[in-house]
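Student: Input: one structure, supplied below.
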Amino acid sequence: MIKDLIFGLIGGLGLFIFGIKLMGLGLQKLAGSQIRKVLGKLTTNRFTGLLTGAGITAIIQSSSATTVMMVGFVNAGLMTLTQSIGVMFGAAIGTTITAQIIAFKLTAYALPLTGIGAALHLFAKKKKHKHLGEAIFGFGLLFLGLNIMTSTVQPLGSSAIIKEVFVNFSRNPFLGIVAGMIVTAILQSSSVTVGLIIALASVGLLGINGAIPLVLGANIGTCITAMLASMGTTTSARRTAVAHVLFKVFGTVLVLILLPLYYNIITGTSTDIARQVANAHTLFNVVNAIIFLPLIGILVKSVTKIVPGEDITVERGPKFLEKNLINTPSIALDAVSKELVRMTGLAKNMVKEAFAGFKNNDRTSLAKAEAKEDAIDELQDSITKYLVSLTQTELSNEDSEKIPSFLHSVNDVERIGDHAVNIIELAERKIDNRSPFSKTAQKEMARMYKEVNLMLVDLSRALPKKNKKLAKNILMREEKINEMTEEFRGNNLERLRCRRCKHLSSVVFIDMLMNLEKIGDHASNIAQAILGRLSWNNNKPYNMEKVKLE
């Protein structure tokens, strides 16, 4: 008896959880390419944010996953705190769809759905049909697991001791809330907890008075995942997680105050206890969202006081690369783009400070430039590893084409930093050996740097929105730099032949020309990537081994 109970619960729960996960994955793959477009509409107003959150969670089948995603978006700078709160309200509503589906009691169709889904996934030729099959297969497993759990716990309905345990939840709602929190914290999904509650209620172990406190606890328990995800993130990301907790706790307190009225409302919605449990879950989140939606501003002020401080931009290490975004490749690539822009800005400033130190024999400027070297190297390493992680996910053709281009560009920016280091070393040599340039050489070097700097400025402006006009300007400047390099190299040889400059100064001058020209070459490579000329060759994937991964 006990062995059958344990095995049945473990197996049924496993199938139930796996079914929810598979269904969510299948639906997410079907709609994955649209997620970025949907998120782009979040800035309109809080109501559309709520609808978006509900829609995304209906696809992912987990409000915890959506909230963790929001924490990631805020931490990556892809979403504001206010936007994320609106989405979070919607996520709370969206997650109740699972409970409503479970309440339909489609267990008789579990096996046919599983078979149809498996056949579609295994034998369909089109990817969208395979993804649909995966979702249907998960849907079938969900009900198969629920059926096993219900059948397993049914004999317990005759046990007076077990019934007394569950009756205590109606006598002491706080006990039920704590139990719901603990179970949800362990299972990492309020949908799974509510599914268990429905199974227990369906066999008579739980009345609605005992089920509602458990549902309230499940709603609070789902906050724990987001709180854990927010640890070590930005201030705004932590505020998003705290807002989630306040939202759920406030709703729970409100229901506890009006508990007798809430019982009456829920029992009036249906005569079926499974549907009553699902409705209790849905009504809690819908009413809570309606109350909070006009009060988002107050909620933002509250969490700002609870989590004080301002976000500090740290130069070292990635700022936008969030592990939480990996399973949403289109959004993750946006984060990579933002990180590349930041890395390019660092490289541009590094070159600027290195040249200022060279020109003015200023070791302070050189030290500032040198401090950026490790930051750029760290970013190259982080972005490259992040992109490699993305290649292990299922990508659309559009997203797949971006990765080689990003790898090229990241490598080119790192090489710009390397050439800035060379300039620092040349400046140190120039200062130590007291090898000044002639006035003509100084003017030529200033002209050369001016063009290179304009390239880097244009590059920083072109990258965020992939501005092709600026990218073409960079390519034209590169031609001009090549011409200047040849001209100034000849002029330097003439000065050396006529003994108008020292040999050491001449060598430093040529090395400077070479490094500035190489910086221009790498900026030009990135401009080519912006123009879309580096990702694919004759419709064949780029050979990843050619990318420099140091």
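The values are calculated or read from the model by the stated rules, or taken from the named source; none is laboratory data. As the structure is a prediction and not an experimental result, all values here were calculated from the model. Every residue, glycine as well, gets a Cβ built from its backbone with ideal geometry; the counts of neighbours run over all protein chains shown.
Student: Take GLY268 and tell me if it is at pLDDT below 90 and out of contact with any helix residue (DSSP H, G or I) (no Cβ under 7 Å at 6 or more places or on another chain).
Tutor: no
Student: Would you check which residues across the stretch 83-100 are over 12 Å from PHE292 (Cβ atoms), among the β-branched types (Val, Ile, Thr) and at pLDDT 80 or above and list them? So that I can check it myself, show each step before the final result.
Tutor: Filtering the stretch 83-100 for residues over 12 Å from PHE292 (Cβ atoms) gives 83-84, 87, 91, 94-100.
Now restrict to residues that are among the β-branched types (Val, Ile, Thr): 87, 95-98.
Passing the criteria: VAL87, THR95, THR96, ILE97.
Student: Do the conditions hold for ILE431, that is, is it closer than 30 Å to GLY490 by Cβ, among the β-branched types (Val, Ile, Thr), at pLDDT 90 or above and part of a helix (DSSP H, G or I)?
Tutor: Working: closer than 30 Å to GLY490 by Cβ: yes; among the β-branched types (Val, Ile, Thr): yes; at pLDDT 90 or above: no; part of a helix (DSSP H, G or I): yes.
No: the conditions fail for ILE431.
Student: Further, regarding this structure: So, of the residues in the stretch 428-448 that are of a type in the set (Asp, Glu) and touching a residue at least 40 places away in the same chain (Cβ under 8 Å), which turns out to be surrounded by the fewest Cβ atoms within 10 Å (Cβ to Cβ)?
Tutor: The initial filter retains those residues of the stretch 428-448 that are of a type in the set (Asp, Glu), namely 428, 432, 444.
Still in the running and touching a residue at least 40 places away in the same chain (Cβ under 8 Å): 428, 444.
Working: GLU428: 16, GLU444: 22.
Top of the filtered list is GLU428.
Student: If you go through the stretch 389-404 one residue at a time, how many are crowded, with 20+ Cβ neighbours inside 10 Å and of a type outside the set (A, V, I, L, M, F, W, C)? First the steps, then the outcome.
Tutor: First, the residues of the stretch 389-404 that are crowded, with 20+ Cβ neighbours inside 10 Å: 390, 402-404.
Pick out the ones that are also of a type outside the set (A, V, I, L, M, F, W, C) and you get 402, 404.
So the count comes out to 2.
Student: Considering LEU531, LEU470, LEU493, LEU463, which residue is within 26 Å of VAL421 (Cβ to Cβ) and of a type outside the set (Val, Ile, Thr)? Please lay out each step first, then the result.
Tutor: Values: LEU531 fails: within 26 Å of VAL421 (Cβ to Cβ); LEU470 fails: within 26 Å of VAL421 (Cβ to Cβ); LEU493 fails: within 26 Å of VAL421 (Cβ to Cβ).
Exactly one of LEU531, LEU470, LEU493, LEU463 is within 26 Å of VAL421 (Cβ to Cβ) and of a type outside the set (Val, Ile, Thr), namely LEU463.
Student: Working only within the stretch 451-470, note down all residues that are out of contact with any Ser or Thr (no Cβ under 9 Å at 6 or more places or on another chain) and either buried (at least 24 other Cβ atoms within 10 Å of the Cβ) or closer than 21 Å to ALA335 by Cβ (or both). Before you say what the answer is, go through the steps one by one.
Tutor: From the stretch 451-470, those out of contact with any Ser or Thr (no Cβ under 9 Å at 6 or more places or on another chain) are 451-454, 457-458, 461-462, 465, 467-470; that's our starting set.
Correct list: VAL452, ARG461, ALA462, LYS465, ASN467.
Residue-wise test of (1) of a type in the set (Gly, Ala, Ser); (2) at pLDDT below 75.
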{"site": "ILE10", "(1), (2)": "no, no"}
{"site": "GLY24", "(1), (2)": "yes, yes"}
{"site": "GLY32", "(1), (2)": "yes, yes"}
{"site": "LEU39", "(1), (2)": "no, yes"}
{"site": "THR43", "(1), (2)": "no, yes"}
{"site": "ARG46", "(1), (2)": "no, no"}
{"site": "LEU51", "(1), (2)": "no, no"}
{"site": "ALA54", "(1), (2)": "yes, no"}
{"site": "ILE59", "(1), (2)": "no, yes"}
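Student: LEU146: at pLDDT below 80, under 25 Å from PHE18 (Cα atoms) and assigned to a helix (DSSP H, G or I), yes or no? Break it down into steps so the answer makes sense when it comes.
Tutor: Working: at pLDDT below 80: yes; under 25 Å from PHE18 (Cα atoms): yes; assigned to a helix (DSSP H, G or I): yes.
Taking the combined requirement at face value, the residue satisfies it.
Student: Also, I was wondering about something else. Please verify whether LEU454 is in contact (Cβ under 8 Å) with a residue 60 or more places away in the chain and under 27 Å from VAL341 (Cα atoms), treating the condition exactly as stated. I'd like the intermediate steps shown before the answer.
Tutor: Numbers: in contact (Cβ under 8 Å) with a residue 60 or more places away in the chain: no; under 27 Å from VAL341 (Cα atoms): yes.
Criteria not met by LEU454.
Student: Here's something else I'd like to know. Could you list all residues from the stretch 509-531 that are more than 26 Å from PRO404 (Cβ to Cβ) and crowded, with 20+ Cβ neighbours inside 10 Å? I'd like the intermediate steps shown before the answer.
Tutor: Initial filter on the stretch 509-531 (more than 26 Å from PRO404 (Cβ to Cβ)): 509-516.
Selection gives PHE509, MET512, LEU513, ASN515, LEU516.
Student: Which residue is farthest from LEU216 (Cα to Cα), if the candidates are limited to the stretch 98-116 and must be touching a residue at least 60 places away in the same chain (Cβ under 8 Å) and assigned to a helix (DSSP H, G or I)? First the steps, then the outcome.
Tutor: Here is the first cut: in the stretch 98-116, the residues touching a residue at least 60 places away in the same chain (Cβ under 8 Å) are 98-100, 102-103, 105.
Of the ones still in play, those that are also assigned to a helix (DSSP H, G or I) are 98-100, 102.
Values: THR98: 16, ALA99: 14, GLN100: 16, ILE102: 18 Å.
So the residue we want is ILE102.
Student: I've got another one for you. Is at least one residue of the stretch 109-116 at pLDDT below 80 and of a type outside the set (A, V, I, L, M)?
Tutor: Yes, because at least one residue in the stretch 109-116 is at pLDDT below 80 and of a type outside the set (A, V, I, L, M).
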